[in-house]
Amino acid sequence: MGRYMDITICIGSSCHLKGSRDIVRSFERLVAANGLENKVTLKGSFCQGLCAKHGVCVAVGDQKYSVIPAEAEQFFLDTVLPQVK
């Protein structure tokens, strides 16, 4: 049985320009498509300290990642889904 998970997506100015809104939309769609509404909570935050990276800062639990919108779905499938299923 999987566990409950918080995913925090940076919505600060730098990450907003890198596509954080697109990542939020992708994750919302994937949470719903996989029936994870009761296992995954999506949150927004301002700077998480990875602004110099090429992508948007996404924290899955305590682990931080740099994700670009084009890779958001694959990131969710590879990183999030195995931890909550």
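A few comments on the model shown:
- Size descriptors for the chain, from the alpha-carbon set: Rg then Dmax equal 11.8, 37 Å.
- Heavy-atom accessible surface of the chain: percent carbon and sulfur, 1.4 Å: 52 percent
- Antiparallel %, DSSP beta bridges [both residues in the chain], to 5: 55 percent
- Think of it as helices only: each DSSP H run of n ≥ 4 in the chain is worth -39500 (n - 2.57), and spread over all residues that comes to -8000 deg cm²/dmol at 222 nm.
- Accessible area, probe 1.4 Å, largest first, for residues Tyr65, Tyr4: Tyr4, Tyr65
- Principal-axis analysis of the Cα atoms of the chain puts helix 20-33 at an angle of about 0° to the longest axis.
- Projected over every direction and averaged, the convex hull enclosing the alpha-carbon atoms of the range 32-72 yields 3.6 nm².
- Solvent exposure of the range 30-74, expressed per residue, is 58 Å² of accessible area, with all protein chains present and a 1.4 angstrom probe.
- In Å², nearest 10: area of Leu81 left accessible to a 1.4 Å probe: 30 Å²
The values are calculated or read from the model by the stated rules, or taken from the named source; none is laboratory data. All of these numbers come straight from a predicted model, not from anything done at the bench. Side chains included, ligands, DNA and RNA excluded: accessible areas come from the protein's heavy atoms. Shrake-Rupley method; radii C 1.70, N 1.55, O 1.52, S 1.80 Å.
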